[in-house]
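A.B. asks: What follows is a single structure, and I will ask about it in a moment.
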Amino acid sequence: MGAVAVSRASGLIDGGLWFRLDDASAVSAVRRAAQDLGTEVGLGTGPLSGLAIVAAELASNLVKHADDGRLLVRRVRSGDLAGVELLAVDAGPGMADVARSSRDGHSTTGTLGIGLGAIVRQAGWLDMSSVEGRGTVAVAQVWPGQAPEPATAAAVSRAMSGEEVCGDGYAIRLVAGRTQVLVSDGLGHGPLAAAAAAATVQAFQAAPADSPAGVVEHVHRSVRHTRGAAIAVAQLDEDQVRFAGLGNIAGFLVDDTARRGLVSLPGIAGHQRRAVREFSYPAPPGALLVMHSDGVVDRWLLDNYPGLRERAPQLVAATLLRDAGTRRDDACVLVARAGR
């Protein structure tokens, strides 16, 4: 295989900074964090101003309209280009018509109704999903110039309640033009689990071009100095997904007809393993690969969210994290689209 090109979904282990939008005071904190990150990645004056508007409007909408509103601020990359992504998640009333709600002048609460329209104008790229009675998820990106093509793979993670760091990790890279992804779950919780997951991410990114089984072997050998982690690596080829795992990272392929579970073998990367085995599964164009840690229960069905399967991977991942994630454990969901 050829040389490895690495593409990160959103930096390293923590995946950004989450904010809970309980009251109006949190809006300023979100705006400042977004602007600080925008300055750090070199957005420039114009995009920074637009980013401030997007951050303030998304955060304000969560305060005004949402139940359990949360917003993630994180770095995104496309090649050598860096931008800022804002991911807003709520369990509020939802919207029956997202397109109508995005137009200036539309309001459900007696306000001017300009918030979503302003976001549409200022964001380099925007996608939204909403189901009445279940809530809304929106993702907006701001780049220093024209937004690149939307990513076909993305992930979202968060720490368990009471912890400041997340023990789940993920990474995305290109290997000879094919997308390879990793999800890991450091044993336990807290800083030592986060360190183990970070080590798996670093080992995955540094691994030579190889099959998923070969990459799992490389990661296993590279993280022996840590407490260990459950890991799974998948590769999306033109018409199939190749999958290899140690431990309880769940993997599923979802298409128009079925949800198929993927096989992971018992073990702990860095400590215990049997011979690593790789399995191949047919994946028609547009099928979704969904991988998650055991902080996400596996009883979810994408059919319960009309239209979600066609939305951006971030929206699918954030929706499943919201509705299937447990607060008593770290949680991570990765979604990748096959055949594109």
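A.B. asks: For Leu174, Leu17, Leu320, what's the largest-to-smallest order of accessible area, 1.4 Å probe?
C.D. replies: Largest to smallest exposure gives the sequence Leu17, Leu174, Leu320.
A.B. asks: Nearest 500 deg cm²/dmol is fine: what mean residue ellipticity at 222 nm does the chain get from its DSSP H runs of n ≥ 4 alone, each adding -39,500 (n - 2.57), divided by its residue count?
C.D. replies: One gets -8500 deg cm²/dmol as the mean residue ellipticity at 222 nm.
A.B. asks: Same structure, new question: For region 211-241 and region 163-177, what is the centre-to-centre distance using only Cα atoms, to the nearest Å?
C.D. replies: Region 211-241 and region 163-177 have Cα centres separated by 11 Å.
A.B. asks: Could you list, bin by bin from short to long, the percent of Cα-Cα pairs of region 194-255 in 10 Å steps?
C.D. replies: Taking all Cα pairs of region 194-255, the binned fractions are 22, 52, 22, 4 percent.
A.B. asks: Which of Ala244, Ala229, Val297 sits closest to the plus end of the dipole of region 153-338, meaning its Cα is farthest towards the positive end, when Lys and Arg get +1 and Asp and Glu get -1 on the C-beta?
C.D. replies: Result: Ala229, furthest along the dipole toward the positive end.
A.B. asks: Something else now. First measure r as the distance between the Cβ atoms of Asp303 and Arg178, then evaluate 1/(1 + (r/R0)^6) with R0 = 35 Å and state the FRET efficiency to the nearest 0.05.
C.D. replies: 0.75
A.B. asks: Run the quick spin-label model on Asp22 and Glu40: label points 7 Å from Cα toward the beta carbon, then report their separation in nm to one decimal.
C.D. replies: 2.5
A.B. asks: Compute the acute angle (0 to 90°) between the alpha-carbon long axis of helix 313-324 and the principal axis of greatest extent of the alpha-carbon atoms of the chain; round to the nearest 10°.
C.D. replies: The helix 313-324 is inclined about 90 degrees to the chain.
A.B. asks: List the relative contact order of the chain as a percent without decimals, with contacts defined as Cα pairs under 8 Å and 6+ residues apart.
C.D. replies: Answer for the chain is 17 percent.
A.B. asks: Whole number please: convex hull volume per residue, Cα atoms of the chain, in Å³.
C.D. replies: With only Cα atoms used, the chain gives 123 Å³ per residue.
A.B. asks: With an 8 Å cut-off on Cα pairs and a minimum separation of 6 or more residues, tell me the relative contact order of region 15-80 in percent.
C.D. replies: 53
A.B. asks: What does the charge dipole of the chain about its Cα centre add up to, to the nearest 20 debye, if the Cβ of each Lys and Arg holds +1 and the Cβ of each Asp and Glu holds -1?
C.D. replies: That gives the chain a dipole magnitude of about 440 debye.
A.B. asks: While we're looking at this one, here's another question. Report the normalised scattering of region 155-261 as log10 I(q)/I(0) at q = 0.12, 0.22 Å⁻¹, calculated by the Debye formula with identical scatterers on the alpha carbons.
C.D. replies: -0.40, -1.15
A.B. asks: If packing is taken as the mean number of other Cβ atoms within 10 Å per residue, what is the order of 237-247, 125-135, highest first?
C.D. replies: Ranking, from highest mean packing down: 237-247, 125-135.
A.B. asks: Tell me, what is the percent relative contact order of region 254-311, built from C-alpha pairs under 8 Å that lie six or more residues apart?
C.D. replies: 33
A.B. asks: Here is a further query. In what sequence, highest mean first, do 188-199, 248-259 appear when ranked by Cβ atoms within 10 angstrom?
C.D. replies: 188-199, 248-259
A.B. asks: In addition: Provide Arg221, Arg77, Arg178 ordered by accessible surface of protein heavy atoms (probe 1.4 Å), highest first.
C.D. replies: Arg221, Arg77, Arg178
A.B. asks: Apply the Kirkwood formula to region 249-303: the hydrodynamic radius equals the inverse of the mean of 1/r over all pairs of different alpha-carbon atoms; give it in Å with one decimal.
C.D. replies: For region 249-303, the Kirkwood estimate is 12.9 Å.
A.B. asks: Could you order Trp300, Trp18 by accessible surface area, starting with the largest, using a probe radius of 1.4 Å?
C.D. replies: I get Trp18, Trp300, largest accessible area first.
A.B. asks: Could you tell me the largest-minus-smallest coordinate of the C-alpha atoms of region 190-340 on each of the three principal axes, in descending order and whole angstroms?
C.D. replies: 45, 35, 23
A.B. asks: Take each of the peptides 289-295, 301-307, average the number of other beta-carbon atoms within 10 Å over its residues, and list them starting from the highest.
C.D. replies: Peptide ranking by packing, descending: 289-295, 301-307.
A.B. asks: Return the FRET efficiency for the residue pair Arg260, Asp67: r is the Cβ-Cβ distance, R0 is 30 Å, and the value is rounded to the nearest 0.05.
C.D. replies: In this case the efficiency is close to 0.35.
The values are calculated or read from the model by the stated rules, or taken from the named source; none is laboratory data. A quick note: this is a predicted structure, and the numbers were derived from the prediction, not measured. Positions of Cβ are backbone-derived with ideal geometry, glycine not excepted, and every protein chain shown enters the neighbour counts. Note: accessible area is taken over every heavy atom of the protein model, side chains too, but ligands, DNA and RNA are not part of it. Shrake-Rupley method; radii C 1.70, N 1.55, O 1.52, S 1.80 Å.
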